[in-house]
Amino acid sequence: MASDTPAGKRVLISGASVAGPALAYWLNRYGFHVTVVERAPGLRPGGQAIDVRGTAIEAAARMGVLDELREHATDLRGMSVLDADGNETYSTTEATASGGRLDRDDVEILRDDLARILVGAGGSGVEYLFDDSIAALDERPEEIRVRFAGGRERAFDIVVGADGVHSHTRSLVFGPEERHLRPLAGHLGVWTAPNVLDLDRWQLAYLTGDPDASGCLAMSVRKNAELRVYVGLGGVDRTDRELRDPQAQKRLIAERYAHVGWEMPRLLEYMWEAPDFHFDGGAQVHLDAWSSGRVVLLGDAGYCGSPSSGQGTSMALVGAYVLAGELKAADGDHRAAFTAYERELRDWVTANQALAHRSAGSGEYGTAQEAAEAPKDASEVLNLSDDYYAVTDGFALRDY
């Protein structure tokens, strides 16, 4: 800790994906001493394409990173829907399943690219501790002492849990995740593959009609050099402890998709060695309060909307802006800042979480039946109504 750090302004952030680095940027700018701890040995590779839309576009612009985000956008031209035999049933250049309407200023970007840009924006003023995590927290009247898994101990004024839907920080302070996690239907597997489908800034939605192996979304990324491959699974036993092992997760996907045709056998081959493979079930996080004492939650750790809301990244970026701004406005008084942060954001977060339930099928992407029936326009198949964007755009950033 810098010896001249003002009282109340020593902040530890757990998590170096999106919410954590975004908050670190703002707090460093406002004169706080910021440390970010991340259990991975470095910035995590891979991950799905994510969306910066609506109010979050303004937050990115205020950070000065919007142009760089656009340089690394997926820049898709459109999508096609394929039936179980691999035949195209629908095509559009109006929208994509993963990014929404293409006539908006929203940015779809790979999660690892966004994380790298946000960390870079924070500069050398932010301290990063990789390959470590919080092991224990001991809150005292004037500070909170942190024992790290690596053995060191340090004191901070504030601890922020920005470590995702399965937040360890949240479990230390608010109890087991079962109290706060609300499962949604379906599991999703994601990995990177070479562009063996020769897609040109395009996305394919392959629908099997099987609820237990519902289909695949494949999209070209990084100037068509790679594919991001997504597969959906239903009927997965969330209590199966074996499925915490990535190899067991891959075996489950392979078993479920063994009967599927089209290009799935070839895409599954790349799953086995993919260094960025990820698998998880749909879920939301709901808490009565986002803070307790000197600990506060940000982004998915506090109010995950699930991928089907399409708003997890945007809520993280906007949440980071508001939390940092309220800490600045309160001059480090965490009680006042945390109260104002939640008061400012709670209604908008609740509205965003409700977006995940707007379709009886798979959220933003509509149902397989809707897609197979070749709708009249992209909004019908993707369920991208004006009401959806009224929520994503419906929060005004204050000046701090």
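Quick notes on this one:
- Search result, residues across the stretch 137-153 that are crowded, with 16+ Cβ neighbours inside 10 Å and either of a type in the set (Val, Ile, Thr) or out of contact with any helix residue (DSSP H, G or I) (no Cβ under 8 Å at 6 or more places or on another chain) (or both): 143, 144, 146, 148
- Applying the condition of being of a type in the set (Asp, Glu) and in a strand (DSSP E or B) to the stretch 107-136 and asking which residue is surrounded by the most Cβ atoms within 10 Å (Cβ to Cβ) yields 108.
- Selection count where residues are under 18 Å from residue 314 (Cα atoms) and outside any loop (DSSP other than H, G, I, E, B), scope the stretch 72-106: 4
- Options 133, 80: the member that is small (Gly, Ala, Ser) and more than 16 Å from residue 163 (Cβ to Cβ): 80
- Scanning the stretch 244-291 for residues that are outside any loop (DSSP other than H, G, I, E, B) and closer than 30 Å to residue 343 by Cα yields 281, 282, 283, 284, 285, 291.
- Filtered residue count, the stretch 10-58, keeping only those that are more than 20 Å from the chain's Cα centre (by Cα) and among the basic types (Lys, Arg): 2
- Of all residues in the stretch 148-170, at least one satisfies being in contact (Cβ under 8 Å) with a residue 40 or more places away in the chain, of a type in the set (Ser, Thr, Tyr), part of a helix (DSSP H, G or I) and under 26 Å from residue 290 (Cα atoms).
- Pair list, Cβ under 8 Å, 6 or more apart: the stretch 220-236 residue surrounded by 14 or more Cβ atoms within 10 Å (Cβ to Cβ), other residue among the charged types (D, E, K, R) and in a loop (DSSP other than H, G, I, E, B): 220/200; 220/201; 224/200; 224/201; 233/212; 234/212
- Taken over the stretch 336-377, the criterion of being within 22 Å of the chain's Cα centre (by Cα), modelled with pLDDT under 50 and buried (at least 22 other Cβ atoms within 10 Å of the Cβ) is satisfied by 362, 363, 364, 365, 366.
- Note on the stretch 189-210: residues that are more than 21 Å from residue 280 (Cβ to Cβ) and of a type in the set (A, V, I, L, M, F, W, C) amount to 6.
- Subset of the stretch 224-240 [among the aliphatic types (A, V, I, L, M) and in a strand (DSSP E or B)]: 227, 229, 231, 233
- Some residue of the stretch 2-9 being more than 20 Å from residue 107 (Cβ to Cβ), out of contact with any Asp or Glu (no Cβ under 8 Å at 6 or more places or on another chain), at pLDDT 90 or above and not aliphatic (A, V, I, L, M): no
Yes/no matrix, rows are residues, columns are (1) polar (S, T, N, Q); (2) over 24 Å from residue 149 (Cα atoms); (3) surrounded by 24 or more Cβ atoms within 10 Å (Cβ to Cβ); (4) at pLDDT below 95:
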| position | (1), (2), (3), (4) |
| --- | --- |
| 16 | no, no, yes, no |
| 25 | no, yes, yes, no |
| 39 | no, no, no, no |
| 43 | no, no, no, yes |
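- Test: residue 37 is touching a helix residue (DSSP H, G or I) at 6+ places or on another chain (Cβ under 6 Å) and either in contact (Cβ under 8 Å) with a residue 60 or more places away in the chain or closer than 24 Å to residue 228 by Cα (or both): no
- Residue that is nearest to residue 273 (Cα to Cα), among those in the stretch 30-61 that are of a type outside the set (A, V, I, L, M) and assigned to a strand (DSSP E or B): 38
- Filtered by the rule that a residue be surrounded by 24 or more Cβ atoms within 10 Å (Cβ to Cβ) and either closer than 21 Å to residue 61 by Cα or out of contact with any helix residue (DSSP H, G or I) (no Cβ under 8 Å at 6 or more places or on another chain) (or both), the stretch 285-311 gives 298, 299, 310, 311.
- The set of residues from the stretch 73-115 being over 17 Å from the mean Cα position of the chain (by Cα) and free of Cβ contacts under 8 Å to residues at least 60 places away in the same chain comprises 87, 88, 91, 93, 102, 103, 105.
- Of all residues in the stretch 237-282, those being of a type in the set (Asp, Glu) and in contact (Cβ under 8 Å) with a residue 40 or more places away in the chain number 3.
The values are calculated or read from the model by the stated rules, or taken from the named source; none is laboratory data. Given the structure is predicted, the values throughout are model-derived calculations rather than measurements. Cβ coordinates were reconstructed from backbone atoms using ideal geometry, including for glycine residues, and neighbour counts include every protein chain displayed.
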